[in-house]
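*Asks:* Just passing along the structure, written as structure tokens.
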Amino acid sequence: MPDAVFVPPDFTRYRTVSRLAREIFKRHTNLVEPLSLDEAYLDVTENKTGLPTATRVASAIREQIRQELSLTASAGVAPNKFLAKLASDWRKPDGLFVIQPEEVGTFLLPLPVGRLPGVGKVTEEKLEKLGIKTVSNLRGLDLPMLEGQFGRYGVRLYELSRGIDNSQVVPNRPPKSISAEDTFEHDVPLSETEPMIRSLTEKVWSASRKESRVPRTVVLKLKTSDFNILTRSHTPGSPPSSCAELTTIALALRERVELNTEQRFRLVGIGLSNFREPEATQAQPALFE
């Protein structure tokens, strides 16, 4: 779009607002499991405010966010985490959707299988070859059949098609990764991404210093002008020990991107993942001698 206006992200502000939203959540329950800056699971089976239903709790939280943070919020209320996630997406950007226990089948069965967590493009295509397009179709397959086709994930598919999810809300779950990304004001060639990579590496390194565990894998993410996502990753023999070392690895990953000289990029991101406890990291032998 020639008239599009690009607004630079303000992650410091985003993190501040995210913290304030979580403080609102914790007025109602201590069982809060953040998924990202703007998403979390809450278990309100027993809540601090004495509200009689989860729907009332969700309504109260949305209203407090609106009044105190001047933001809209969507919420999904359901018997388990999997269904609550689906429900929260149902009436975005400012809605509340409730799935009562007796409504689970009515809600789930018509959905395309692609709406189930973990069903990506490859799995969806494999299911389609078996004649499975909807959750209703999927429910028609027995467990041995699904295990034979999908291994351990077949058990998960069997359960999801029946609305079963026994995972608990786990507060203070350690993050699986730390990352930062930014979009260029104008699409740029690969050779001009270094300043952004250096800037993002500093942000990620600073954020990682607050984490007691040690990240072992460095990830570079690039989005092309035609919206294709490219990633490159590296797990060195020993974790990066400084921002300079992290920057060197990130720039080396950029060298592994082989594209024609005409290719332009709109976004770059840097991430750290594969966290380990310090003792485990020290005991880990080098991958390469």
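Quick note: the coordinates plus some simple rules give every number you see, no bench work behind them. It should be emphasised that the depicted structure is a prediction, and the values quoted were computed from it without experimental measurement. Here the Cβ positions follow ideal geometry from the backbone for every residue, glycine too, while neighbour counts run over all protein chains shown.
*Asks:* Under 8 Å for C-alpha pairs, at least 6 residues apart: give me the relative contact order for the stretch 152-251, rounded to a whole percent.
*Replies:* For the stretch 152-251, the relative contact order is 23 percent.
*Asks:* Right, something else. Label E128 and L20 with points 7 Å out from Cα along Cα→Cβ: what is the distance between them in nm?
*Replies:* The answer from the label model is 4.4 nm.
*Asks:* If you build a Gaussian network model of the chain, linking Cα atoms that sit under 10 Å apart, which residue out of L267, L259, L71 swings the most?
*Replies:* Fluctuation is largest for L259.
*Asks:* Which whole-number percent is the relative contact order of the chain (Cα, under 8 Å, 6+ apart)? Walk me through the intermediate numbers first.
*Replies:* Numbers: 417 pairs, mean separation 42.7, N = 289.
Result for the chain is 15 percent.
*Asks:* Return the distance in nm (one decimal) between the two label points of a simple spin-label model at E39 and E68, each offset 7 Å from Cα along Cα→Cβ.
*Replies:* Between E39 and E68, the simple spin-label model gives 2.3 nm.
*Asks:* Pulled fully out, how much extra length does the chain show between M145 and S273, if you take 0.36 nm times their separation in residues and subtract their Cα-Cα distance? Working shown, then result.
*Replies:* Numbers: separation 128, 0.36 × 128 = 46.08 nm, distance 3.46 nm.
Between M145 and S273, full extension yields an extra 42.6 nm.
*Asks:* Then there's this: With only alpha-carbon atoms in the gyration tensor, what are the semi-axes of the equivalent ellipsoid for the stretch 109-160, in Å, largest first?
*Replies:* Semi-axes from the Cα gyration tensor: 14, 12, 10 Å.
*Asks:* May I ask you to derive the FRET efficiency for K48 and I229 from their Cβ-Cβ distance with R0 = 51 Å, giving the value to the nearest 0.05?
*Replies:* Result of the calculation: an efficiency of 0.80.
*Asks:* Fully extended, how many nm does the chain gain between R152 and A4 (0.36 nm per residue separation, minus their Cα-Cα distance)?
*Replies:* 48.7 nm
*Asks:* Another one. Provide the FRET efficiency to the nearest 0.05 for the S177-W90 pair, computing r from the beta carbons and using R0 = 45 Å.
*Replies:* About 0.95, to the nearest 0.05.
*Asks:* Now for a different question. Go ahead and set up a Gaussian network model of the chain, Cα springs under 10 Å, then flag whichever of V44, V122, V155 fluctuates most.
*Replies:* Largest GNM mean-square fluctuation: V122.
*Asks:* Also: Return the label of the correct value of P(r) over Cα pairs in 10 Å bins from 0, in percent, as calculated from the structure shown, out of [x] 6, 31, 40, 21, 2, 0; [y] 6, 23, 26, 20, 13, 8, 3, 0; [z] 6, 21, 24, 29, 18, 2, 0.
*Replies:* The value computed from this structure is option [z].
*Asks:* Another question, if that's okay. Which one, T16, N80, L42, is farthest towards the positive end of the dipole of the stretch 11-102 when Lys and Arg carry +1 and Asp and Glu -1 on their Cβ?
*Replies:* About the Cα centre, the residue reaching furthest to the positive side is T16.
*Asks:* Kindly provide the helix-only [θ] at 222 nm of the chain, computed as the sum of -39,500 (n - 2.57) over DSSP H runs of four or more divided by all residues, to the nearest 500 deg cm²/dmol? Could you put the intermediate results ahead of the total?
*Replies:* On the way: 11 runs with 108 residues, N = 289.
Helix-only estimate at 222 nm: -11000 deg cm²/dmol.
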